[in-house]
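Report on the structure given below.
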Amino acid sequence: MAGLAPMLATPGPMPTGPGWGFEFKWDGVRAIVEVDRGSLRILSRNNRDVTASYPELCSLTGALRAARLVLDGEIVALTASGVPSFSRLQQRIHQRSPSPALRAAVPVRLYAFDLLAEDGRLLVGRPYTQRRTRLEALDLPEPVPPWWQGNGADVMAAAVELGLEGVVAKRLTSPYEPGRRSPSWVKTPLNRTVEVAVGGWKPGSGGRAGQVGSLLLGLPDAQGCLRYVGHVGTGFTRAMLRDLGQRLGRLARLTPALEGVPREHARTAHWVEPSLVGEVMFRTWTPDGRLRHPAWRGLRPDRSIDELVRLDGGSTPA
């Protein structure tokens, strides 16, 4: 039961017709939370123990002192208007032991949306509706996020109005498939985002002199080579730039790991080992396979290079 990998959703248009439930897509980081009679363990999507990073979530053990549970959910940080913000959460993601001041400035919450085990019994083979019913019966400190049956377009309209990230559709009869990207879950985001490898950086100028000016990005192609897909120089906060400068300095290499970098970018580039995964928001793909108008959203320490989507539309081997 310990160490269950999260079930993943397939990107696509929102399903229509009967047999689907709809949830909001939350702008945070995925977490598997194990509660065992007063003890708590939080695992990231790539099975890293991140319990110490989110001490606020220990309130689960007080509310569920006698329980043995495995929950699936999203760790979020809310804006002043109550909307989850991945950019705001970036201040917490890399902190292994956040200070009381940081925890007060950027508190986090767990939005639990699935129950994988209860009292030592696995529930992954039960239908989605049964797991949700049992989840909602628990006395969790945070309310369980809502879900709806019926017209998914109405749920998407509500997501637009509330400023949320999108909608996830889940087949009502579907079991929980640990570690699998399943067509039984379909995610439809409002904004186009993609996870990319950082293969290099260019120095900034003006107000960014001595700092990172832009990042050179790549995705694996059908042969597994990391191919240049564009550069991003917007969307960074000062804290992000400081953190990136430190991380990239430790990953320096002499030769590029990216193929196809245009000469005007390669001439001043600093190359790095492509071990960092980041997320960018963009408008569309250009005909030559580049990101049009990308904006940086942040690093994804819960992702690995092996999980990146290939340029031919598939997924790299996990």
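Label positions at residue 265 and residue 309, each projected 7 Å from the Cα along the C-beta direction, are separated by 1.9 nm. With +1 assigned to the C-beta of every Lys and Arg and -1 to the C-beta of every Asp and Glu, and no other charges, what is the dipole magnitude of the chain about the Cα centre in debye, to the nearest 20? Dipole about the Cα centre, nearest 20: 680 debye. Using the Cβ of residue 281 as centre and a radius below 10 Å, the other residues enclosed give a net charge of +2, where K and R count +1 and D and E count -1. Each residue, residue 81 and residue 177, gets one label point 7 Å from its Cα in the Cβ direction; the gap between the two is 3.6 nm. Karplus-based coupling profile of segment 119-132, in residue order and whole Hz: 6, x, 9, 5, 10, 5, x, 7, x, 3, 4, 5, 5, 5, with θ = phi - 60° in 6.51 cos²θ - 1.76 cosθ + 1.60 and x standing for Gly or Pro.
Computed about the Cα centre, the dipole magnitude for segment 8-188 is approximately 480 debye when only Lys and Arg (+1) and Asp and Glu (-1) carry charge, each at its Cβ.
For residue 119 and residue 160, the difference between the fully extended length at 0.36 nm per residue and the C-alpha to C-alpha distance is 10.9 nm. Close amide-amide hydrogen proximity is noted between residue 227 and 219, 221, 259, each under 5 Å apart and 5 or more residues distant or on a separate chain (H modeled in the peptide plane; Pro and chain starts excluded). Sequentially through segment 34-48, phi angles give Karplus couplings (6.51, -1.76, 1.60; θ = phi - 60°) of 9, 10, 9, 6, x, 9, 9, 9, 10, 10, 6, 4, 9, 6, 8 Hz, Gly and Pro residues having no value and appearing as x. Between amide H atoms placed 1.01 Å from N, distances below 5 Å from residue 235 occur with 296, all of them 5 or more places distant or on a separate chain.
Extension gain for residue 190-residue 39 works out to 50.6 nm (0.36 nm per residue, less the C-alpha to C-alpha distance). Computed over the Cα atoms of segment 8-188, the ratio of the radius of gyration to the Kirkwood radius (Rg/Rh) comes to 0.95.
Principal semi-axes of the equivalent ellipsoid, √(5λ) from the alpha carbon gyration tensor of the chain, are 35, 23, 18 Å from largest down.
Using the Cβ-Cβ distance between residue 284 and residue 153 with R0 set to 30 Å, the FRET efficiency from 1/(1 + (r/R0)^6) comes to roughly 0.85.
Each of residue 133 and residue 238 was given a label point 7 Å from its Cα along the Cα-to-Cβ line. The distance between the two points is 5.5 nm.
Distance from the Cα centroid of segment 69-119 to that of segment 237-266 is 29 Å (rounded to whole angstrom). A compact globular protein would have a Cα radius of gyration near 2.2 N^0.38 Å; the ratio found for segment 92-139 is 1.65.
Any read-out appearing in this document is the output of simple, stated calculations on the displayed coordinates, not a laboratory observation. All values derive from a computational prediction rather than experimental measurement. No Cβ is skipped: glycine too gets one built from the backbone with ideal geometry, and neighbour counts run over all protein chains shown.
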